[in-house]
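> Here it is, the structure, as structure tokens.
The values are calculated or read from the model by the stated rules, or taken from the named source; none is laboratory data. Here the structure is a predicted model, which is why all the values come from computation and not from measurement. Heads up, the Cβs are rebuilt from the backbone with ideal geometry, glycines too, and the neighbour counts pull from every protein chain shown. Note: areas computed on protein heavy atoms with side chains; ligands, DNA, RNA excluded. Shrake-Rupley method; radii C 1.70, N 1.55, O 1.52, S 1.80 Å.
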Amino acid sequence: MSGGPVLEALEALSLVDHHCHGVVTADLSRQEFEDLITEGGSWPGSSSFDSPVGVAVRRHCAPLLDLPRHASADEYLARRSGLGPREVHRRLLAAAGTGVFCVDTGYAPERLSTPAELAVAAGGTAYEVVRLESVAESVAARGVEPGEYADGFRVAALEAVRRPGVVAVKSVAAYRTGFDLDPARPSDAQVTEAARHWLAGGGGRLADPVLVRHLLWTAVDLGLPLQLHVGLGDNDIRLHRSDPAHLTDWLHLTAGTIPVLLLHCWPYQRQAAYLATVFEQVHLDVGLALHFVGPARSRAVLEEALEITPFRKLLYSSDAYGVAEFHFLGALAFRRGLAGLLQDRVDSDELDLPDALRVAEWAGAHNARQVYRLPGTS
Amino acid sequence: MSGGPVLEALEALSLVDHHCHGVVTADLSRQEFEDLITEGGSWPGSSSFDSPVGVAVRRHCAPLLDLPRHASADEYLARRSGLGPREVHRRLLAAAGTGVFCVDTGYAPERLSTPAELAVAAGGTAYEVVRLESVAESVAARGVEPGEYADGFRVAALEAVRRPGVVAVKSVAAYRTGFDLDPARPSDAQVTEAARHWLAGGGGRLADPVLVRHLLWTAVDLGLPLQLHVGLGDNDIRLHRSDPAHLTDWLHLTAGTIPVLLLHCWPYQRQAAYLATVFEQVHLDVGLALHFVGPARSRAVLEEALEITPFRKLLYSSDAYGVAEFHFLGALAFRRGLAGLLQDRVDSDELDLPDALRVAEWAGAHNARQVYRLPGTS
Amino acid sequence: MSGGPVLEALEALSLVDHHCHGVVTADLSRQEFEDLITEGGSWPGSSSFDSPVGVAVRRHCAPLLDLPRHASADEYLARRSGLGPREVHRRLLAAAGTGVFCVDTGYAPERLSTPAELAVAAGGTAYEVVRLESVAESVAARGVEPGEYADGFRVAALEAVRRPGVVAVKSVAAYRTGFDLDPARPSDAQVTEAARHWLAGGGGRLADPVLVRHLLWTAVDLGLPLQLHVGLGDNDIRLHRSDPAHLTDWLHLTAGTIPVLLLHCWPYQRQAAYLATVFEQVHLDVGLALHFVGPARSRAVLEEALEITPFRKLLYSSDAYGVAEFHFLGALAFRRGLAGLLQDRVDSDELDLPDALRVAEWAGAHNARQVYRLPGTS
């Protein structure tokens, strides 16, 4: 990685991480840490460190814990425990150079830091993203009649998004049904019938296609930007059904309403870029992929994401979950990847330096500020 | 971009652009120009210039209008208007170094230059490509009985392709239904029934799956090479349904009949390359993608397109529409991208220079001359 | 291709080629050779040498036959015939540096070398992979009642895998139906009914979806690692239906049973990498693609395959069939591609050299030894 003015500018830029999660506040056992740094699991006879992301942790995070680059997994985990979670988070979050976090609070099988706690640890600002499936499932858990579900969900969602600091909603429809859904808004009768079936089974995980469609259309009614998980995730995903091209008809029907943010997208970053090019409301990031592929490949993924994408449509996210290593690595991989590709274009005179600096600032902060109407938006 | 003998050869080679459109003959307002240089639209608060293709226009076209490299959009548009469309077209087309244009004349919401006008402006030769959907729709517009539609379409298509200078037909089935169609030739009764439904609705946009299949099979009967739009386009496409792998069964059924040219293909260039490798009749290009990704990424797209493709199967097209900037940028991005990848293989001794020069000449001109049986074919 | 310690280590490493075929033992005519070096065919007016793989043969194999690099196809074929198949195989296999071959013996339209013959020619060891479709089809060919088919197939498969040296089974379900199948184990009644239909038609090519599912579940019962052809192949494939993401539900149902090896995978190497990341039992290689894309692009394909893949999940295979050129080119392209990407990461300090050497050794030999429990496994 060579330096140059674009990297300097990106290193000086306070990033807006428009989609991430909190960190586990408790100290982590080796097993727990290994489980958190993979989308798979920790399997007998192997270590999550034997992977691109494991290598990146040892290379880039170890020095922040006063260890040599490429410290062993054992050394890393011992030092991590020795410092304690609070100090580890403080160091890694400070090194991330992220000023604003938009935190998805709807998935927390472990005790995670709240947005406010994350903001304090990072010395930044945090906003909240409401996961709509969690809202819907809590409505079912509280008990509701099938015919009241649609209203109950809408009211609960409105209450959730009116809390201070909420800037967006999110759906994990990609996990629940995929995007190959009927794009039309379901009728009241269809929703009631589907809710009847779901509630009769005790509610729980919302995966009924009619109710997922209804959830997406409720997001339109809420009027806030909608984040959609796309592509890479754990083995609960059917990857091919999360190809965002399946959203095309729904995007036609909802054009002129809410901004749509396609998250992660790998390996469908080109499909996402196509949608961001032809639909005014669509934006994308390659979060999650950034730390999993590491700085060694983040540029390659960004190159594909940016092949045709208008410069106002790319955002930065880490999609970090659980460990602050990922908040840091996402930022590092984004800065190095984007700087590398822009600087090379400047060096080969394909791009003017002022333009390159503008693209960097837009993708790293400004585009997110605009979409979410964050304070400080010019 | 380093130079070297392959780039020199490609710069000296008069290209055959086997698929493009005319240029808008009128002077263009800023809004009109911005609309023409994107597959999206020009959206409030943003500019089409803030994109990879906008950057490429300012970098590579500005000097041809006597402006500095990376001139601003304002400067560019002012100078463009000052010179007037005729002079702008003349300069850009001359710089393209394209000797032969195969012009799709079937899509012209604006007044476009005719093939003859394009040829004159470029100092080259132009042939015509007949868009079959336009022929079918004009048959419906003239009025036809459902039972006469098949005959009427065949006769009209035959008349159209017998006009002097017609070398191929084209289908935009990708836009209308996608390629996930029943591959079999529909029966007369099926065609009549589908035509009845279509005509009862007043004709117009042909998007009935039976009639689209019938159109593809009529192309087989016509005997001319068939160009198929694949992948990247405006938001009328359902990208995943344009994956050319869906054509496999139809390609089996039509093997031994007509050449099939897969146009653009991005992001399915590898799928297209696979088909070109295993079906004698299939060829591909990465037109359209070339100017949208610009010289900064055209090599990467060509690398994927050429990973396994036999060297006689890659063709050049710009798929330029409306603005001569794209006829020029397509040629530039093709030459630089192909030269870069071939020269590097020569430099690392993976490829002999005479072989590299042969591949360049084949892809840039010879393969198209052969497929379309153009004069001057050796 | 620069050198460096990683390439040195990979050149010194005796590879395990975990999936390949034998070589044609007879002398080959030009036509026969050209047919063997393409997944297409040899078409009038063109030569299979005019392709990336043809260029690689002339560049890298010619010197092993005492010819200059980039010798012409004519010179190459003349010299190849002059030396005779035995000597050609000996030289190319020796140069491959492969110590262990796992040979798929279930596809042999030509007379191919047996695993033992291949081992002798290469100075290595050979194991056998049993192609289950061939077993099933031979059960049908011997005559069986529909109600006895399931038992007959199981018994025949058990007999086949109990032969000495058998280490795995393989399925070409990708060719027969694709992977978009009902993932559930079919009932006995369903199997009998499907067998009735198949046998009534005279047996032959097994392509019934129920029987293909039954075959995959029989593989689970056999308990050996299962190799699955994925992606690139001849035109008998419907490429999109071989996207391995379609296997997700089946992988959930069979988790905890047998290792699954995704072969070739191009152009779905990222989808395969995702599955290898989230399912303990899944492994992948990019065999077949290696020689078809050649050393000029093998690194690019490996980069994508390794973006997120745990280091214990990547294996080496050539998938060479018929000509020893491919056993050699696969090994060459694998070594150079993997060494190039690892060495660059070492040089940019993204990866420690000992880690790089470990990844190289794992992918080139150790991972396969573990999965197949080969002698010498540490």
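> How many residues are free of Cβ contacts under 8 Å to residues at least 60 places away in the same chain and either surrounded by 22 or more Cβ atoms within 10 Å (Cβ to Cβ) or assigned to a loop (DSSP other than H, G, I, E, B) (or both) when one looks only at region B:18-31?
Quick first cut of region B:18-31, residues free of Cβ contacts under 8 Å to residues at least 60 places away in the same chain only: B:27, B:29-31.
From the residues that got through so far, the ones that are either surrounded by 22 or more Cβ atoms within 10 Å (Cβ to Cβ) or assigned to a loop (DSSP other than H, G, I, E, B) (or both) too are B:27, B:29.
Within region B:18-31, residues that are free of Cβ contacts under 8 Å to residues at least 60 places away in the same chain and either surrounded by 22 or more Cβ atoms within 10 Å (Cβ to Cβ) or assigned to a loop (DSSP other than H, G, I, E, B) (or both) number 2.
> Give A:R86, A:R90, A:R58 a once-over and let me know the one that is charged (D, E, K, R) and within 25 Å of A:A368 (Cβ to Cβ).
A:R90 is the lone residue from the list that is charged (D, E, K, R) and within 25 Å of A:A368 (Cβ to Cβ).
> On to the next question. Could you check how many residues of region B:240-281 are within 15 Å of the chain's Cα centre (by Cα) and away from chain A (no Cβ under 13 Å)?
Total satisfying the criteria: 5.
> Given A:L374, A:L353, A:L357, A:L288, which one is aliphatic (A, V, I, L, M) and buried (at least 24 other Cβ atoms within 10 Å of the Cβ)? I'd like the intermediate steps shown before the answer.
Working: A:L374 fails: buried (at least 24 other Cβ atoms within 10 Å of the Cβ); A:L353 fails: buried (at least 24 other Cβ atoms within 10 Å of the Cβ); A:L357 fails: buried (at least 24 other Cβ atoms within 10 Å of the Cβ).
Being aliphatic (A, V, I, L, M) and buried (at least 24 other Cβ atoms within 10 Å of the Cβ) holds for just one of A:L374, A:L353, A:L357, A:L288, which is A:L288.
> Would you please name the residue that is nearest to C:C61 (Cα to Cα), looking only at residues in region B:337-350 that are within 12 Å of chain C (Cβ to nearest Cβ) and either without any contact (Cβ under 8 Å) to a residue 60 or more places away in the chain or open to solvent by less than 10 Å² (accessible area, probe 1.4 Å) (or both)?
B:E350
> Within region B:354-367, is even one residue touching a Gly at 6+ places or on another chain (Cβ under 8 Å) and part of a loop (DSSP other than H, G, I, E, B)?
Scanning region B:354-367, I find no residue that is touching a Gly at 6+ places or on another chain (Cβ under 8 Å) and part of a loop (DSSP other than H, G, I, E, B), so the answer is no.
> If you don't mind, there's one more thing I want to ask. Has region A:26-49 got at least one residue that is in contact with a helix residue (DSSP H, G or I) (Cβ under 8 Å, 6 or more places away or on another chain) and over 24 Å from C:V278 (Cβ atoms)? Steps first, answer last, please.
The initial filter retains those residues of region A:26-49 that are in contact with a helix residue (DSSP H, G or I) (Cβ under 8 Å, 6 or more places away or on another chain), namely A:26-28, A:30, A:33, A:37-42, A:47-49.
Of the ones still in play, those that are also over 24 Å from C:V278 (Cβ atoms) are A:26-27.
Scanning region A:26-49 turns up at least one residue that is in contact with a helix residue (DSSP H, G or I) (Cβ under 8 Å, 6 or more places away or on another chain) and over 24 Å from C:V278 (Cβ atoms).
> Now for a separate question. Please determine, by comparing only the residues of region A:325-378 that are among the acidic types (D, E) and in contact with a helix residue (DSSP H, G or I) (Cβ under 9 Å, 6 or more places away or on another chain), which one is farthest from B:P295 (Cα to Cα). Show your work before the answer.
Just the residues of region A:325-378 that are among the acidic types (D, E), to begin with: A:325, A:344, A:347, A:349-350, A:352, A:355, A:361.
Among the residues that remain, those that are also in contact with a helix residue (DSSP H, G or I) (Cβ under 9 Å, 6 or more places away or on another chain) are: A:325, A:344, A:349-350, A:352, A:355, A:361.
Numbers: A:E325: 36, A:D344: 12, A:D349: 11, A:E350: 8, A:D352: 14, A:D355: 16, A:E361: 23 Å.
For region A:325-378, the residue satisfying everything is A:E325.
> Touching an Asp or Glu at 6+ places or on another chain (Cβ under 7 Å) and surrounded by 20 or more Cβ atoms within 10 Å (Cβ to Cβ), is that true of B:V55?
Details: touching an Asp or Glu at 6+ places or on another chain (Cβ under 7 Å): yes; surrounded by 20 or more Cβ atoms within 10 Å (Cβ to Cβ): yes.
Taking the combined requirement at face value, the residue satisfies it.
> Collect the residues in region C:216-239 that are without any contact (Cβ under 8 Å) to a residue 60 or more places away in the chain and at the interface with chain B (Cβ under 9 Å from one of its Cβ atoms), keeping them in residue-number order.
Step one: list which residues in region C:216-239 are without any contact (Cβ under 8 Å) to a residue 60 or more places away in the chain, which gives C:216-217, C:220, C:223, C:226, C:228-231, C:239.
C:G231, C:L239 - these are the residues of region C:216-239 that are without any contact (Cβ under 8 Å) to a residue 60 or more places away in the chain and at the interface with chain B (Cβ under 9 Å from one of its Cβ atoms).
> Please tell me if C:V6 is more than 19 Å from C:L112 (Cβ to Cβ) and of a type in the set (V, I, T). First the steps, then the outcome.
Working: more than 19 Å from C:L112 (Cβ to Cβ): yes; of a type in the set (V, I, T): yes.
The answer is yes for C:V6.
> Restricted to region B:1-17, and to residues that are in a loop (DSSP other than H, G, I, E, B) and under 19 Å from B:V286 (Cα atoms), which residue is farthest from the other protein chains (Cβ to nearest Cβ)?
Narrowing region B:1-17 to residues in a loop (DSSP other than H, G, I, E, B): B:1-4, B:13-14.
Narrowing the set further to residues that are under 19 Å from B:V286 (Cα atoms) leaves B:13-14.
On the way: B:L13: 18, B:S14: 22 Å.
This residue is B:S14.
> Report yes if C:R176 is closer than 24 Å to C:G233 by Cβ and either open to solvent by 30 Å² or more (accessible area, probe 1.4 Å) or not assigned by TED's automatic domain parsing to the domain that holds C:H264 (or both), otherwise no. Break it down stepwise before answering.
On the way: closer than 24 Å to C:G233 by Cβ: yes; either open to solvent by 30 Å² or more (accessible area, probe 1.4 Å) or not assigned by TED's automatic domain parsing to the domain that holds C:H264 (or both): yes.
Answer is yes for this residue.
> Looking at region C:63-72 only, could you name the residues that are open to solvent by less than 20 Å² (accessible area, probe 1.4 Å) and away from chain B (no Cβ under 11 Å)?
C:L65
> Please identify the pairs in which a residue from region C:32-48 that is outside the structural domain of C:A78 (by TED's automatic domain parsing) has its Cβ atom under 8 Å from the Cβ atom of a residue that is modelled with pLDDT of 95 or more, counting only partners at least 6 apart or on another chain.
If the second residue must be modelled with pLDDT of 95 or more, no pairs are left.
> Across region B:293-336, what is the total count of residues that are open to solvent by 10 Å² or more (accessible area, probe 1.4 Å), away from chain C (no Cβ under 12 Å) and in a helix (DSSP H, G or I)?
Of the residues in region B:293-336, 7 are open to solvent by 10 Å² or more (accessible area, probe 1.4 Å), away from chain C (no Cβ under 12 Å) and in a helix (DSSP H, G or I).
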